[in-house]
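Report on the following structure.
The values are calculated or read from the model by the stated rules, or taken from the named source; none is laboratory data. The model shown is predicted, which means the values in this text are computed figures rather than measured ones. Cβ placement follows ideal geometry from the backbone for every residue including glycine, while neighbour counts extend to all protein chains displayed. Surface areas here come from the heavy atoms of the whole protein model, side chains and all, with no ligands, DNA or RNA. Shrake-Rupley method; radii C 1.70, N 1.55, O 1.52, S 1.80 Å.
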Amino acid sequence: MLLADKYRPKDFANLDYHKEQATNLKNLTKDGEFPHLLVYGPLGAGKKTRITCILRELFGPGVERLKMETMNFTTPSNKKLEIMTISSNYHIEVNPSDVGIYDRVVIMDIIKNVAQSQQLNVNAAREFKVVILTDVDNLTKDAQHALRRTMEKYIANCRIIMCATSISRVIPAISSRCLCIRVPAPEESVIVDILQSTCKKEDISLPPVLAKRIAQASNRNLRRALLICETCKVEQYPFSDDQKIPELDWEVFIKKMAGKILENQSIETLSNVRKDLYELLSNDIPAGVIFETLLRELLRKSDVSIRETVIKEAAEHEHRLVQGNKQIFHLESFVAKFMYVYQTFMQEMFGDF
Amino acid sequence: MNRTKKFKQWESFDFGPATSTEKSKPRKDDSNVTKRKQYVKPNSSTSNKALNFHKELAPVAVSDLAVHPKKIEEVENWLKFAVFQDKSKTAKFLLLTGPTGSGKTATLSVLCKTLGISITEWITPIDQEYEYNRTNQIEQFSEFLFDAKYPSLFESSLNRLTLVEDFPNAVIRNPEQFCEILESCRYINQPIAFICTEAHNANVNLQRTLFPDEVLLKFNINHISFNSCAARQLKLALKRAEALVKSNPDVLKQPSSTVIDAILASADGDIRNAMNQFHMASLLGSGDLPTVKISTEEEKPGKRKRSKDSVKLDVMNKDQSLGLFHGLGRVLQPKRKQLGNSWRLVKNVGSLVDEFSIQPQMFMSFLFENYPKYFGDITDAAKAANILSSSVLLLDNWDRHESLEFALWNSILGLMVVNEHKVSKWNQIRGPVRIVKKDTNKIQEEWNGVRYSPMDQYYHNIIKKSDRCHKFE
C-alpha cells in the first residue's frame, strides 16, 4: 500500500491541518440533520480525507467495509454503460464523468436507487444514505440540471456529498443547494511536517533539506508530496540532500511541446502540437492544468514586451475553456495565437538588426 | 386486386400525371397573369395531343434509354438470370438506386418489355380501402409479395417480376418489420425488384433505412446504383424530343437553342426534369422560358464555367443539396472575386449555413480537424483558430436555435474570409478525432478502489515498478 493511503487520517481527531474546520465539520454531523455538501479545493488538499472522516463520524466504523461493484446502465438510446462504484452499507461513491456525456443517466439512476431503498438496518445511526459524487466540475450541464432536480426530490432519505476542484463549472443552482466547504491546500511547512512524521512511522530517515525540496516540487499537493517521497525512496535510499527529484512525465511532455512552439511557428508545428494535445487530453490530464503548465513554460521563454499580450490572450482562452466543452478548440486557438504573437515579435527583432 | 397495377400500357417515363398545359406553364410574376389568360384557350384545345408528348418520347428500345450502357447491361443480366435461368426455389432480389430522373424505372420497364417479362407493381392503397379490409398496410404488403408467385388470370406470360417502388409508410417507419417481410418471402420463387430514389437527406433516404449493408448481405440483394444522366445522354434525349417537335408543328414549336442550353444546364442530370422543361418550352402558346444569366455573383455550377454566358432556367432553381465534403471544400477553399481594391466571396454564405444548420456540431468538428492544411500562414491560422474557438463556445452554450446559426455563420464566414495565404492542393479530408478516454475501471480495481489522479500516475509506475499507466514519451 502506498504511503499516502496507509497513513490517511480516518477520523477528525487525526487530521494534521485545518483543525478548526475539522471541529466545525464534526459539529455539523452531531445533529440529526445534515445538508448536502459540496467540498472543493485544489488537488491533494485533503477533500476526500475529510469526506471519509465525515462518513465515519456519521455512521461509525461500519462505513469502512467497502465493496467495489461495476454497475450497468442503459441509456435511453439503448447503449450499455458500465461504471465502477465503491459502496458500503451506508454510502455509495461514484465518478459519473467516467461515462462522458451519459453522466446524466448514471446520476439519475444511482440516486434513485439509493433513495428509493430505505435504510434497512434498524440500528443505523442515520435515516439517510449518502451518495458521493466525485469530479462534479466535469459533469455536463445536462447532468447538473438533472442532479438539481433529484437533489430536491430525494432529500428525505439521501444526502449528496460532492467533490470538485473548483466550483466555477458547477451551476449556481447546485452550489446554492449545498453547504460549500473549501479545503485549501496545505502550506509547505505543513507538508514538510507531515512528510517527516510519516517517514518516522515508516522508519525512514528523511533529511530536512530533501523534505523541503519535495514539498516545493509537490506544488502544495500533499498526496503528490507523499508520492514523490516514496518514488525518491525507490530510486535512491538512503536519501541524500541533493537527490534528483523525478519530474512528472506529462510535465516534461508539455515542456517539450512548448519547446516546439518556440522553435518554429508554422502550420506543421500547429498540427504537431494538436496531436500532443490530443494525447494529453485522452490520458485525462485536465485541460486547465495543461493550459497552466504550457503558459508558464511559454512565458518563461518569451520577452517581457509580449508577456502582457500573451497573458491577456491566455486569460481569454482559459475563460472559454471553462465555459465550453470542446477543450481542444480553445487550447489550439491559444497556441496559434501565441505563435502569431511570438513570430511578429521575432520578426520585429530581426528587422532591427 | 386493386392495388396491383398492370404494366401493359406502362408509360416508361414515369412523369407522374401528365402535366396539363396550364399547370406546366412557367410561373411568372403576377404582372403576367393577364397575358397568360390569352393563351389558355388555344392550348386547352390541343391538350389531348399534348398529353401524348411524354408517351411519344418514352423509350421503347434499349437504345433510347439515357442510361449508361454498362448499367443497362447489369440490369439485363440480372433479369435474365433471375427470371429465366435461376431455377432455385428462393427469391431473387434486386435493388436499384439513383437520383431522381436517372432512368431507373425506365430501364427496368424497357428491359422487361423487350425480354417479355410482365411487371406487377405494388401501389400503396389509399386509406379508405384498408378500413374495409380491416388489415393493416404491412399485412397487405407482405401478402402482396407473397401472392406474387401466383400468375395473374389476365396475364399469359409466365415470366413475371414484382416491383416495389412505392414503399408503404408503415414499412419506412419500421425497418425491422421490412426485414421480417423480406425474410418471409425469401422462399418464394419469384424475382422482386425494389427501386429507391437517392436522397441527400438521411431521413428520406430509403436506401439507408430499409437496405443497410447487412440487409443487402443477408438476403443476397443485388444492388445496382444508377448515376444521374450524363450531359451527353441528356442532349441525345432532347434531340429525340426535337425530332418529335418537328413532326408535330401544329401543336409544338421549336424552343430556341439558348433555352435548350438552359434546360440542359439546370436539369442537373435529371432527365424527367429536362423533358418536362422541354415540353413546357415547346408549347405553342408559351414564350421563351425566363432564364437567368449565371453571373459570377450567383451560384455557378463548376462544370459550366467555360461558357461565360451560360444561362439557367429561372423557374427551375432546384434546391441543391451539398454533400458534407462539398460544403467543407467551399468553406476551406473559398473562391474570391476581385473588385478594384477589395474583393468579394463568390459563394453565397447563407445557403452554406442553411445547409449545415441541422448538425452544426458535426460540421464544426470537421472544419476544425481539417482547416490547418488549407492555411499557409500562421497569422491567418491564428485568426481562424480564434474564430473556431469562439464559435464552438457559442455552440456549447446555445439556448436558442439562432445561436447555433450564429455559431455557424461565425465559423463559416470567418474561415472563408481570413485565409489570405491559401494552400491550394489536394488534401484528404479527415474525420474529427474522438478523444477516447482510457478505461479507468480496471486500474481502479487493481488498486483496491482508490482512484489516483492521472497526473500522479507517473509516480505509481515508478513505485510499483510497473507500466500499468500511460507514459508520455
Checked against a 21 Å limit on the C-alpha separation, the offending pairs among A:K80/B:K218; A:K255/A:K326; A:K47/A:K244; B:K335/B:K422; A:K260/B:K464; A:K26/A:K201 are A:K80/B:K218; A:K255/A:K326; A:K47/A:K244; A:K260/B:K464; A:K26/A:K201
So the angle from the long Cα axis of helix A:267-282 to the longest Cα principal axis of chain A, reported in degrees to the nearest 10, equals 20
Summing -39500 (n - 2.57) over every DSSP H run of at least 4 in chain A, dividing by its residue total and rounding to the nearest 500, the 222 nm mean residue ellipticity is -17000 deg cm²/dmol
For peptide A:319-332, the mean count of other chain Cβ atoms within 10 Å per residue Cβ is 6
Accessible-area loss of at least 40 Å² in the complex relative to the chain alone (1.4 Å probe) applies, within segment B:331-376, to B:F368, B:P372
Taking trypsin sites (Lys or Arg not before Pro) in a DSSP loop with at most 11 other Cβ atoms within 10 angstrom as exposed, one finds the longest site-free stretch of chain A at A:80-243
By accessible area (1.4 Å), largest first, B:V60, A:V105 order as B:V60, A:V105
Cα extents of chain A per principal axis, largest first, Å, are 84, 56, 34
Checked against a 22 Å limit on the C-alpha separation, the offending pairs among B:K92/B:K113; A:K48/A:K275; B:K55/B:K235; B:K71/B:K235 are A:K48/A:K275
For chain A, longest principal axis from Cα atoms; helix A:141-153 axis from its Cα atoms; angle between them, nearest 10 degrees, is 20
By the mean-Cβ-within-10 Å protection proxy, highest first, B:212-221, A:33-42, B:259-268 rank as B:259-268, A:33-42, B:212-221
Computed over chain A: longest principal axis from alpha-carbon atoms vs helix A:222-235 long axis, angle to nearest 10 degrees, is 70
For segment B:324-418, whose charge dipole is built from +1 on Lys and Arg Cβ atoms and -1 on Asp and Glu Cβ atoms, the candidate among B:H401, B:F356, B:P372 with its Cα farthest towards the positive end is B:P372
Interchain or sequence-distant (5+) residues whose placed amide H lies within less than 5 Å of the amide H of A:V39 are A:M162, A:C163, A:A164, A:I181
Result for chain A: accessible area per residue, probe 1.4 angstrom, in square angstrom, of 47
Karplus ³J(HN,Hα) for segment B:234-243 (6.51 cos²θ - 1.76 cosθ + 1.60, θ = phi - 60°; Hz, whole; x = Gly/Pro) runs 4, 4, 4, 4, 5, 4, 4, 5, 4, 4
